Structure formats: C-alpha cells, structure tokens
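To start, the structure under review is shown below, and the notes come after it.
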Amino acid sequence: MKKRAVMLLLTGVLAAGMLTGCGTVKDSDVAVTVNGTDITGDVANFYARYTQAQYETYYAGYMGEDMWTGEGQDGETYQDTVKESVRTSLENMYLMEEHMDDYEIALTDEEKAAIEEAAGEFDAANGLTEKDQVSGSRDTVERVLELLTIQSKVQAAIEAQADTEVSDEEAAQKKMQYVVFAFSTTDEEGNTVDLTDEEKEELKTTAEAFAEGAAGASDFAAYATEQGQTSQDATFDAETTTLPTQLVEAADALEEGGTTGLVEGDNGYYVARLTSLLDREATDTKKQEIVSERQQQLVNDTIDGWREDAKIDVHEGVWKKIDFTTLTVTMKQEEASPYTDEVMTDDQAEEQGEDALE
C-alpha cells in the first residue's frame, strides 16, 4: 500500500512558475557521488521537487509564501534544511541499493511493471514544460521509483533482523483514574483566564476535601461524578511525559486500588487512583512501540555504519541550482466521490459541485 501510494503521489506532480536565478539542472550534471556511483542531476532534481511538492501542497498554507526563506535549524533557511534532508535520503537510497544483495533483494517483475505503469501515468498527466522543469522524464521517474522501492525492501529486511521479544515487565503500562482541578478557566469569549492566588487557595481546599473523600470511596469515578467532577482514565509508566510528572510519580508509587492525596502539578491540583498494575491493551501497544523503536534504531545504525565507510562527494554547484524559491511545485489533488469507488480530479469535483448547485 505504501509503495503504491508513493507511485500515485508521483503521478500527480504538477510544476508551475518560472525558473530564475542560477540556472536549471542538467540531466547529465552530477549532484553527488557515492562510492564511485553518480547521483545525476535529473534524479536529484526530480526527487527534490517531489519532496518540495509535498511541503508546498500540505504546509504552504500554514507557513506562508516565505516558507523556504524562513529560518530553519541552526540559522539555516528552511530550504537549506529540507534540501540537506533530501540529499541525505538520496545518498542513503544509493547505499541501500549497493547493499541490497546482502539481503538477497531484487525487484520482482510485478514491481517493475508497477513502476513502469506509474511512470507512464506521470508522463501522460503532465506537460512537456512542467516535466522539463522538474527533470521528470519517464526514465528519471522510473529511476526514482526504483530507488524508493529498493529503499522500502532493504529497510524491511533490516527491520526483520530486530529483536521482537518484549516481556510484560519491560512494557508494563499501569492504569489510573484521575481528577484535575485546573488553575485556569475559560470565559464567555473562549479565552483562558488564570486563577488568582486567592482563587487557587479556595480551589486547594476543594481539592483536598475531594482527595479525602475519594480515599474512602469504593468507586472513584462514581464519587467524582457525585462531587460534580469528571474522572479521566489514563495508562502510563514511569517514563510517561504526556501527563504531569508530579501525577505520574505519585500514581506510580501506589499499590493497585490505592489513591493519592492532593498532588500539585504545574497547571492544577490532581487526585488519582491506581486501577491496574498492568493494563493488557496498553501494554501490548507499548510492546509494538518498543519493537518499532528497535527496528528503526537498527535501520539507523546500519545506515550510519555504511555512511562511515562510504566515500561521498557532494557537488555544491549542482545542488545550488535546485532552488525552491524560484519554482513552485504542487501536487495534483484528487478526491474520491462518496458514491463511487472512482477518483475525481479537482476539475471533475468542481463540475460535480456546479451540477449540484444547478
């Protein structure tokens, strides 16, 4: 599904705008050399434009027209940050291709046919000018899709070597019910208003009384309802950061069925009851997260090892020509009709909307 999604994404790329500045990238340019193998200008430009299109389609509305010139990490522009990520990804894909035989990986006839089909769809969906601006020849699109497919297969092969055994003890997730007495309220206009020191003292008295009553209640949630409060459920372990640290520490120290006293957090007072020392569903989910983390770490470590032994030469002059500020690239948006399994283009969706209005 992921591979097919990438192929469909590529078939919908459109380029618009004018190229200015330091010139266009030639297909025969060499952007990077990895262990003697050249990443040519067309591959570098097309993959960079493919990445640019994703950002401009989905994030430009939030980041504004100057998204590429805005400051990114370490004082670099956002364009510099993204382009560096693009280059690293390409270098890694070429290293994965170099090592694919280590995992007895080869593209199947079915995968090759799917790549050819997707490249053909892209070729038919875009005009000559647009394809030229993004180095989107049919051969180049096929090459990028080939690299993406190899990347997916090598990553899966590396992940398959990770340890998938996780004990309940290692992944154990406890469960609590808790009530929060917040240090802020919402006014009629929806604005957040912080309590005064006097109001906090009154709130503390209320919370302390609730804590005292909750300690002797057989049903924590029911008691909270009786007191006009709302009990919330949460699963956690000692490393949980999605809940206040003070609350996690207090609940983690309880025996099953135990209730905390008043716990002061940064944003309110809390009272909690530990309802389970091991929540089965949450623990199983945590196991999956641990396995995924191990798999990703193994992939990262493997590629880092390859990179340490690799000779990678970057041709900065070519990379400079790939400029996101001089060419706008967006995705052709498609949406499914709610009444059919067909996919509509923007124009078809607009026509259907006009028909409905008529």
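To keep it simple, each residue is scored yes or no on (1) hydrophobic (A, V, I, L, M, F, W, C); (2) without any contact (Cβ under 8 Å) to a residue 12 or more places away in the chain; (3) part of a helix (DSSP H, G or I).
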| residue | (1), (2), (3) |
| --- | --- |
| Thr140 | no, no, yes |
| Ser152 | no, no, yes |
| Ile158 | yes, no, yes |
| Glu169 | no, yes, yes |
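Regarding Thr81, is this residue surrounded by fewer than 17 Cβ atoms within 10 Å (Cβ to Cβ), at pLDDT 95 or above and over 24 Å from Ala114 (Cβ atoms)? In short, no. Which helices (runs of 4 or more DSSP H) sit wholly inside region 16-121 and have at least 2 residues that are touching a helix residue (DSSP H, G or I) at 6+ places or on another chain (Cβ under 9 Å) and over 25 Å from Met331 (Cβ atoms)? Answer list for region 16-121: 78-98. Do the conditions hold for Ala182, that is, is it touching a Leu at 6+ places or on another chain (Cβ under 9 Å), surrounded by fewer than 18 Cβ atoms within 10 Å (Cβ to Cβ) and at pLDDT below 95? No. Say whether the condition of being assigned to a helix (DSSP H, G or I) and at pLDDT 90 or above is met by at least one residue in region 340-350. No, there is no match, as no residue in region 340-350 is assigned to a helix (DSSP H, G or I) and at pLDDT 90 or above.
Could you tell me whether any residue of region 195-217 is part of a strand (DSSP E or B), outside the structural domain of Thr40 (by TED's automatic domain parsing) and farther than 30 Å from Glu281 by Cα? Scanning region 195-217, I find no residue that is part of a strand (DSSP E or B), outside the structural domain of Thr40 (by TED's automatic domain parsing) and farther than 30 Å from Glu281 by Cα, so the answer is no.
For region 121-141, the candidate set comprises residues that are buried (at least 18 other Cβ atoms within 10 Å of the Cβ) and not hydroxyl-bearing (Ser, Thr, Tyr); within that set, the residue that is modelled with the lowest pLDDT is Asn126. Taken over region 108-120, the criterion of being buried (at least 16 other Cβ atoms within 10 Å of the Cβ) and over 18 Å from Tyr47 (Cβ atoms) is satisfied by Glu111, Ala114. Might you let me know whether region 225-235 holds any residue that is of a type in the set (D, E, K, R), under 23 Å from Asp168 (Cβ atoms) and crowded, with 16+ Cβ neighbours inside 10 Å? Checked region 225-235: no residue is of a type in the set (D, E, K, R), under 23 Å from Asp168 (Cβ atoms) and crowded, with 16+ Cβ neighbours inside 10 Å.
Quick one: would you say Ala272 is at pLDDT 95 or above, over 28 Å from the mean Cα position of the chain (by Cα), under 30 Å from Thr206 (Cα atoms) and of a type in the set (A, V, I, L, M, F, W, C)? Here the answer is yes, as Ala272 does meet what is asked. Scanning region 87-103 for residues that are surrounded by fewer than 19 Cβ atoms within 10 Å (Cβ to Cβ) and either touching a residue at least 24 places away in the same chain (Cβ under 8 Å) or touching a strand residue (DSSP E or B) at 6+ places or on another chain (Cβ under 9 Å) (or both) gives Ser89, Glu97, Glu98, His99, Met100, Tyr103.
The values are calculated or read from the model by the stated rules, or taken from the named source; none is laboratory data. If you're wondering where the values come from, they're calculated on a predicted model, not measured in any experiment. Virtual Cβ from ideal backbone geometry, glycine too; neighbours counted across all protein chains shown.
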